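See below for the structure under consideration.
The values are calculated or read from the model by the stated rules, or taken from the named source; none is laboratory data. Because the structure is predicted, anything quoted here is derived from the model rather than measured. As a convention, Cβ positions derive from the backbone with ideal geometry for all residues, glycine included, and neighbour counts pool all protein chains shown. Surface accessibility is based on the protein's heavy atoms, side chains included, excluding ligands, DNA and RNA. Shrake-Rupley method; radii C 1.70, N 1.55, O 1.52, S 1.80 Å.
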Amino acid sequence: MRQINIIFGHQKQMSFKNKNVFYNFHLHLKNFVISCTNMDGINEKFLKPYDPKDVESRIYSKWEKGGFFKPEKNLAEQDNRPTFCITIAPPNITGNLHMGHALENTTSDILTRWHRMRGFETLWLPGTDHAGIATQNAVEKNLKKKGLTRHNLGKDKFLEEIWKWKDEYGNIILDQLKKIGCSLDWSRTRFTMDDDYQEAVKTAFLHYQEKGLIYQGERVINWCIKDQTALSDLEIEYTEEETSMWFIKYPLKGGGFIVVATTRPETMLGDTAVAVNPEDVRYKKLIGQEVVLPITERNISIIADDKVDKDFGTGAVKVTPAHSIIDSEIAERHNLTFLKIIDEFGKIIGVNNEFNGSKIKEVREKVLAKLTTAGLLVKEEKIAHNIGKCYRCGGIVEPILSKQWFIKMAPLAEKAISAIETKEVIYYPEKWGRVALDWLKNSRDWCISRQIWWGHKIPVPDSNDVFDTWFSSALWPFAALGWPKKTADFEKFYPTQTITSARDIIHIWISRMIFSGLEFTKQKPFNKVIIHATVLTKDGKRMSKSLGTGIDPLELIEKYGADALRFGLIYQAMGGQDIRFSEDHIAMGKKFCNKLWNISRFVLTKTGGKIRNNDIENLNISDNSQEKEILSKLEKCRENTEKSIERSDFGEAAHLLYDFVWKDFADKFIEYSKDNDSPETKETLAFCLANILKILHPFIPFITEEIWSLAQDDERMLIVEGWPKGKIKK
RNA sequence: GCGCGGUUAGCUCAGUUGGUAGAGCAACUCGUUUACACCGAGAAGGCCGGGGGUUCAAGUCCCUCACCGCGCACCA
């Protein structure tokens with residue numbers, strides 16, 4: 001039997017197999033020297049460079065078939081093990097994997113694998129979010145290509161279309177997570193619109209209602225003109241644009257004027273007061289007087305409210321209670337009339353025939369023209385101004401008076417505040433806890449009703465509304481485990497240990513999970529919140545598919561392998577600092593994998609193809625030796641890696657591992673071993689390699705598992721090997 | 001307006017409690033018989049954003065300014 005491998009290019013290497021003995025020839029082209037290494041006993045795969053493509057899918061399906069992602073099969077021989085549970089941040093069913101997901105889920109996978117190896121009964125639960133507005137918009141866009149709208153179809157048919165979409169595209173992102181090596185228990189996959197999840201949402205609402213925390217009211221809310229739905233405060237994104245500020249004279253009834261400044265002159269049609277700061281000496285004597293509102297000629301009064309900033313504009317504010325959240329609060333304090341003059345389509349209503357039915361912009365022009373004619377327009381100034389836009393469609397958001405459902409936030413926020421302040425829930429990095437507190441301490445009541453079709457129906461008669469998608473997401477850690485039923489999983493795994501998330505959903509999701517958990521289960525939903533770095537482009541800009549600045553993690557996997565992507569990403573994510581993503585680091589990850597591959601090949605040629613998997617106590621190593629030193633460094637590396645993971649400093653752990661494996665082990669000890677062929681040295685090489693594979697496994701699971709399988713007779717997979725716990729006698 | 005980051009080698013970033021500035025990538029010089037050229041050995045590269053202060057000693061602590069980025073609020 002004979003096999004010849006000739007590898008051209010950099011390798012300049014040729015191998016052949018004869019009588020089950022492998023020889024590895026190095027052909028040096030310059031001087032035609034031929035060398036030979038005895039590769040006796042070593043698996044023939046080591047004759048080739050490491051090829052992730054050949055390995056990754058094969059290894060992943062071996063893990064999956066072995067059932068190792070299921071907590072029941074992690075380490076079957078032990079009973080009463082501590083549990084470790086993470087519920088994934090469920091990606092939207094509209095999405096595709098981006099670099100943020102890759103980093104986030106690599107982080108969770110490192111934690112999951114680490115705990116699994118340390119003997120915890122470990123569950124990382126996967127799932128997806130129905131993502132109300134986002135999904136509805138995506139499906140509508142799809143229909144538009146066929147010339148259809150959701151209104152053509154009608155509600156039932158449209159919802160059918162969305163379910164079809166979900167079946168077709170909803171799991172794409174989960175499949176992509178498999179390519180990264182995520183060890184999620186797929187048998188427990190949840191969706192936020194599952195039947196029993198819908199029950200959980202209903203239960204939550206009824207609970208709030210019984211407690212008197214729910215109310216329906218006509219209040220000023222953020223309304224997306226395009227999506228035709230209410231939004232919560234957190235669903236608005238502001239962009240700075242240049243606009244004008246107009247200074248307008250309002251005639252005083254007793255003669256003279258008060259000048260107000262506004263960026264939205266058309267809303268004066270709905271003014272029901274002018275407000276000034278009570279301490280403002282310029283206006284003190286005017287408080288209580290009446291002005292004749294230009295154009296509509298209504299009499300409105302001048303009131304005092306300390307929310308008015310003396311130094312902004314003229315210090316006198318026109319109050320439009322129905323179309324400004326701040327004005328509505330002033331109006332409530334002063335019992336002012338709410339005059340709704342803008343409807344859900346962004347058109348003027350209820351004023352007079354001249355303006356009714358016209359768009360806001362047109363009315364603005366008309367109002368300004370009238371004011372100019374009347375000599376009431378003092379001046380126009382250019383200012384930078386923040387315009388509120390819908391976070392899903394980017395459309396203009398108008399504050400309008402609308403009948404919606406709300407949850408009282410104060411009593412709920414209080415619970416979350418106390419959990420964060422007492423460190424029952426800990427944030428990594430710590431600063432995000434303070435950010436969460438700031439919001440919780442200042443949040444307004446939560447508008448939970450949405451006028452879209454896709455979502456959980458609000459369980460009251462006559463309501464066509466659905467819940468804010470985040471209302472259901474807020475229940476995720478416990479509803480995904482079966483709550484409100486007392487399922488075995490809920491009993492066993494709740495409260496969970498960790499949640500990993502991006503910083504932009506700290507308030508909209510994380511804070512709401514904390515108070516929901518405390519409210520419904522009387523327990524915090526997780527101990528730790530890990531806020532991972534934001535992955536930016538090399539220029540420090542946001543990665544965005546639409547801007548063309550996104551980098552597809554799957555392309556990087558194709559090019560460098562999943563382990564390289566994982567290691568390179570984690571290596572860059574130091575202390576949660578933003579990452580200016582550089583592909584160089586992924587290339588570094590690949591080189592590191594290659595180095596590990598070659599280290600393994602070397603060690604295995606020295607040890608007859610197998611490595612030891614025993615406790616360090618069994619090694620008989622003399623004092624003050626090179627062996628003693630590398631073993632001590634290995635021990636230190638393991639300890640420090642553990643500390644770094646505990647602190648959620650995964651980047652630091654990656655640096656430690658890199659330095660130990662490459663500099664200490666390869667450059668020093670392996671070089672030393674070439675001149676020292678003692679049994680002691682060989683034993684140490686094998687021992688170090690076995691432990692290196694274990695410690696690296698949570699970070700680069702595929703290659704370590706592959707090497708393990710080639711170097712052990714034991715069929716047992718590395719994924720369920722015990723984490724090394726050997727101690728060196730000093 | 002309030003708050004939070006960042007500013008260290010050409011690039012991307014480390015730098016623990018103050019004690020002679022580090023890595024990867026790039027560039028430079030050597031090196032191919034014996035794991036790996038996806039490698040090894042070596043050298044080079046820095047007023048640690050500016051200014052002030054504390055200290056025997058400051059990249060590190062304090063003050064201040066500048067620039068970049070982000071969050072919250074305002075957005076009348």
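Given the Cα-Cα distance of A:Lys359 and A:Lys202 and 0.36 nm per residue of separation, how much length would full extension add, in nm?
Stretched out fully, the A:Lys359 to A:Lys202 stretch lengthens by 52.6 nm.
Rounded to a whole number of µm²/s, how large is the Stokes-Einstein D of chain A at 37 °C and 0.692 mPa s, given Rh as the Kirkwood radius over C-alpha pairs? Each step should come with its number before you reach the end.
Values: Rh = 29.7 Å.
My calculation gives 110 µm²/s for D.
Would you kindly compute the Cα radius of gyration of segment A:452-535 and its largest Cα-Cα separation (Dmax), both in Å?
So, for segment A:452-535, Rg and Dmax equal 14.4, 45 Å respectively.
Once you put a point 7 Å from the Cα of A:Lys379 and another 7 Å from the Cα of A:Thr337, both along the Cβ direction, what distance in nm separates them?
Placing both labels 7 Å beyond Cα along the Cβ direction yields 3.4 nm.
Just to verify a number: what accessible area does A:Ile300 come out at with the full protein assembly present, 1.4 Å probe, Å² rounded to tens?
10
Apply the Karplus curve 6.51 cos²θ - 1.76 cosθ + 1.60, θ = phi - 60°, to the phi angles in segment A:537-542 and return the couplings in whole Hz, x for Gly and Pro.
3J(HN,Hα) across segment A:537-542, in whole Hz: 6, 4, 8, x, 9, 5.
Enter the angle in degrees (range 0 to 90, nearest 10) between the Cα long axis of helix A:325-334 and the first principal axis of the Cα atoms of chain A, meaning the one along which they spread out most.
Here the helix axis deviates by roughly 50 degrees.
In units of 2.2 N^0.38 Å, what is the alpha-carbon radius of gyration of segment A:220-259?
Values: Rg = 17.5 Å, N = 40, 2.2 N^0.38 = 8.9 Å.
Against the empirical 2.2 N^0.38 Å value, I get 1.96 for segment A:220-259.
Report, by chain and number, residues whose modeled amide H sits under 5 Å from the one on A:Glu121, excluding near sequence neighbours (fewer than 5 apart, same chain).
Here the answer is A:Thr83, A:Phe84, since their amide H atoms fall under 5 Å of that of A:Glu121.
Accessible area per residue for chain A in Å², computed with a 1.4 Å probe and the full protein assembly in place, what is it?
44
Obtain the nm distance between the two label points defined at A:Glu414 and A:Glu279 by a simple spin-label model: each point lies 7 Å from its Cα along the Cα-to-C-beta direction.
Those two pseudo-labels are separated by 3.0 nm.
Tally up the carbon and sulfur contribution to the accessible surface of segment A:505-661 as a whole percent, 1.4 Å probe, everything protein left in place.
Of all accessible area on segment A:505-661, carbon and sulfur atoms account for 45 percent.
Can you tell me how much longer the chain between A:Lys663 and A:Lys541 gets when fully stretched, taken as 0.36 nm per residue apart minus their C-alpha distance, in nm with one decimal? Mind dumping the intermediate values first?
Values: separation 122, 0.36 × 122 = 43.92 nm, distance 3.46 nm.
Gain on stretching A:Lys663 to A:Lys541: 40.5 nm.
For A:Asp584 and A:Arg444 in the same chain, what is the full-extension length gain: residue separation times 0.36 nm, less their Cα-Cα distance, in nm?
Extra length from A:Asp584 to A:Arg444 when fully extended: 45.9 nm.
Which ³J(HN,Hα) values in Hz, rounded to whole numbers, follow from the phi angles of segment A:244-261 under the Karplus curve 6.51 cos²θ - 1.76 cosθ + 1.60, where θ = phi - 60° and Gly and Pro get x?
Once rounded to whole Hz, the list reads 9, 10, 9, 9, 10, 7, 9, x, 6, 5, x, x, x, 9, 10, 9, 10, 10.
Considering only Cα-Cα distances, which of the following residue pairs are longer than 19 Å: A:Lys643/A:Lys694; A:Lys45/A:Lys633; A:Lys53/A:Lys590; A:Lys307/A:Lys366?
From the list (A:Lys643/A:Lys694; A:Lys45/A:Lys633; A:Lys53/A:Lys590; A:Lys307/A:Lys366), the Cα-Cα distance tops 19 Å for A:Lys45/A:Lys633; A:Lys307/A:Lys366.
Whole percent per 10 Å bin, from 0 to the bin with the longest distance: what is P(r) over all C-alpha pairs of segment A:175-220?
Values per bin, smallest distances first: 21, 27, 25, 16, 11.
Of A:Lys70/A:Lys595; A:Lys155/A:Lys340; A:Lys211/A:Lys441, which sit over 23 Å apart, Cα to Cα?
Numbers: A:Lys70/A:Lys595 32 Å; A:Lys155/A:Lys340 29 Å; A:Lys211/A:Lys441 21 Å.
Listed pairs above 23 Å: A:Lys70/A:Lys595; A:Lys155/A:Lys340.
For A:Lys65 and A:Phe312, what is the calculated FRET efficiency with R₀ set at 60 Å and r taken between the beta-carbons, to the nearest 0.05?
It comes out at approximately 0.35.
Taking R0 as 25 Å, what FRET efficiency do you get between A:Asp51 and A:Glu715 from their Cβ-Cβ distance, rounded to the nearest 0.05?
After rounding, the FRET efficiency stands at 0.65.
With an 8 Å Cα cut-off and a minimum separation of 6 or more residues, compute the relative contact order for segment A:625-669 in percent. Write down the numbers at each step before the final one.
On the way: 22 pairs, mean separation 21.1, N = 45.
Once divided by the residue count of segment A:625-669, the mean separation gives 47 percent.
So what's the angle, to the nearest 10 degrees on a 0 to 90 scale, between helix A:701-711 and the longest Cα principal axis of chain A?
Roughly 10 degrees, rounded to the nearest 10.
Cα axis of helix A:155-169 to longest principal axis of chain A: angle in degrees, 0 to 90, nearest 10?
20
Classify segment A:257-349 from the C-alpha gyration tensor, please: rounded if a/c falls under 1.5, else prolate or oblate depending on whether a/b exceeds b/c.
prolate
Mind listing the long-range amide H neighbours of A:Ile258? Cut-off is under 5 Å, sequence gap 5 or more, other chains count too, H placed in the peptide plane at 1.01 Å from N.
HN-HN under 5 Å from A:Ile258: A:Tyr250, A:Leu252.
To make sure I understand the rule: partners must be aspartates and glutamates, Cα under 15 Å from the Cα of A:Lys538, and not fewer than 8 residues away in the same chain. Which ones qualify?
A:Asp552, A:Asp578, A:Glu583, A:Asp584
Calculate, for A:Lys674 and A:Asp552, the FRET efficiency according to 1/(1 + (r/R0)^6) with r their C-beta to C-beta distance and R0 45 Å; round to the nearest 0.05.
Calculated value: 0.60.
Over segment A:307-363, calculate the relative contact order: mean separation of alpha carbon pairs under 8 Å at least 6 apart, over the residue count, as a percent. Show your work: numbers first, answer last.
Numbers: 61 pairs, mean separation 10.9, N = 57.
Answer for segment A:307-363 is 19 percent.
Given a cut-off of under 8 Å on Cα pairs at least six residues apart, what relative contact order in percent is computed for chain A? All intermediate terms of the calculation are to be shown ahead of the outcome.
Numbers: 1315 pairs, mean separation 112.5, N = 730.
Once divided by the residue count of chain A, the mean separation gives 15 percent.
Taking H as built 1.01 Å from N, whose amide H comes closer than 5 Å to the amide H of A:His456, not counting residues under 5 places away?
Amide H neighbours of A:His456, under 5 Å, 5+ apart: A:Phe467.
Using θ = phi - 60° and the Karplus form 6.51 cos²θ - 1.76 cosθ + 1.60, what ³J(HN,Hα) does each residue of segment A:436-448 get, whole Hz, x for Gly and Pro?
For segment A:436-448, the Karplus-derived couplings read 4, 4, 3, 5, 4, 6, 10, 7, 7, 4, 8, 7, 9 Hz, x marking Gly and Pro.
Using only Cα atoms, figure out Rg for segment A:132-246 and give it as a multiple of 2.2 N^0.38 Å.
1.44
Compute, for A:Ile396, the solvent-accessible surface of its heavy atoms (probe 1.4 Å) with the complete set of protein chains present, and express it in square angstrom to the nearest 10.
Here the residue's solvent-accessible area equals roughly 80 Å².
How far apart, in nm, are two points set 7 Å out from the Cα along the Cα-to-Cβ line at A:Asn352 and at A:Arg503?
Between A:Asn352 and A:Arg503, the label points sit 5.3 nm apart.
What is the mean projected area of the alpha carbon convex hull for segment A:496-596, to one decimal in square nanometres? All intermediate terms of the calculation are to be shown ahead of the outcome.
Details: hull surface 32.6 nm².
Average of the hull's projected areas for segment A:496-596 equals 8.1 nm².
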